[in-house]
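In what follows, a single structure is set out as structure tokens and then discussed.
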Amino acid sequence: MAPSLALDGGTDDYRVTPPPVTGRFPSVYSDVQNTRNFHALPLPSVLKTPFKIVDGPQSSAAGNPDEIAKLFPNLFGQPSAMLVSSDSDTVQHNQKLKVGVVLSGGQAPGGHNVISGIFDYLQDSAKGSTLYGFRGGPAGIMKCKYVELTSDGRDKIETPEQFKQAEETVNKLDLDGLVVIGGDDSNTNACLLAEYFRSKNVKTHVVGCPKTIDGDLKCKEVPTSFGFDTACKVNKAMQIVFTVHL
């Protein structure tokens with residue numbers, strides 16, 4: 001695996017760093033995904049050492065403070081939170097936390113990086129903590145629909161029991177079609193699922209949609225899949241940065 005680049009503090013001092021130890025399993029990712037996963041992003045200097053949270057200046061508003069104070073009577077004027085260097089972290093390594101995270105609003109690049117950052121921090125600094133992801137945005141909070149986020153990697157439909165569960169699901173929903181979006185492995189799985197459905201006289205038609213950053217799923221009708229172009233551009237950009245600053 002290629003080494004990654006890290007920006008040291010707020011300077012232009014680039015250095016090569018080994019892949020950090022995280023809770024993810026590299027074996028389920030492509031080379032490009034691993035390069036992105038192990039790319040050490042620039043961090044504020046205070047986050048590179050143990051820190052604590054202290055009260056900062058009283059919070060206010062850029063405009064209409066009186067009106068905003070009426071809207072937020074319990075929050076307005078409270079001290080702001082400041083992170084300062086300390087001899088020990090605010091979160092103790094033996095302190096187990098339970099944290100929920102939700103993607104809200106429109107889709108935008110970087111949202112999953114935040115989730116990964118929270119997961120990695122809890123794994124590194126508060127071992128044994130639990131991270132819950134709420135499904136469907138804010139509706140997941142209201143309806144208590146969530147899933148525990150772990151490092152177990154991807155799911156596949158492989159065993160007879162799993163094929164049976166898939167059959168029960170599509171029958172319960174009375175699905176006419178099931179679209180599987182994925183790479184060569186996922187589309188092979190979709191083909192096996194379609195074969196199983198046909199053998200059981202299930203009416204659901206399975207459609208495979210090629211999506212892979214590896215560029216290894218193509219034919220005359222589909223010369224390349226979406227995702228591959230972005231992966232090439234990201235990989236090329238990283239190579240250029242690595243070459244220029246090495």
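Does Glu148 fit the bill of being closer than 27 Å to Ser116 by Cβ, surrounded by fewer than 14 Cβ atoms within 10 Å (Cβ to Cβ) and out of contact with any Lys or Arg (no Cβ under 9 Å at 6 or more places or on another chain)? It would help to see each step written out before you state the result.
On the way: closer than 27 Å to Ser116 by Cβ: yes; surrounded by fewer than 14 Cβ atoms within 10 Å (Cβ to Cβ): yes; out of contact with any Lys or Arg (no Cβ under 9 Å at 6 or more places or on another chain): yes.
Judged against the criteria, Glu148 is a match.
Going by what's in this entry, would Lys127 be described as surrounded by 12 or more Cβ atoms within 10 Å (Cβ to Cβ), in contact with a His (Cβ under 8 Å, 6 or more places away or on another chain) and not aliphatic (A, V, I, L, M)? Break it down stepwise before answering.
Details: surrounded by 12 or more Cβ atoms within 10 Å (Cβ to Cβ): yes; in contact with a His (Cβ under 8 Å, 6 or more places away or on another chain): yes; not aliphatic (A, V, I, L, M): yes.
Judged against the criteria, Lys127 is a match.
Which fully enclosed strands (runs of 3 or more DSSP E) of region 1-77 have 1 or more residues being at pLDDT 65 or above? Don't jump to the end; show me each part of the working.
On the way: elements: 4-7, 14-17, 51-58.
Those strands (runs of 3 or more DSSP E) span 51-58.
So that you can scan it fast, the table gives a plain yes or no per residue for (1) at pLDDT 80 or above; (2) in contact with an Asp or Glu (Cβ under 6 Å, 6 or more places away or on another chain); (3) of a type in the set (A, V, I, L, M); (4) outside the structural domain of His39 (by TED's automatic domain parsing):
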| site | (1), (2), (3), (4) |
| --- | --- |
| Asn187 | yes, no, no, yes |
| Ala194 | yes, no, yes, yes |
| Phe197 | yes, no, no, yes |
| Val206 | yes, no, yes, yes |
| Lys218 | no, no, no, yes |
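The values are calculated or read from the model by the stated rules, or taken from the named source; none is laboratory data. Please read all numbers here as calculations on a predicted model, not as lab measurements. Backbone-built Cβ (ideal geometry, glycine too); neighbour counts: all protein chains shown.
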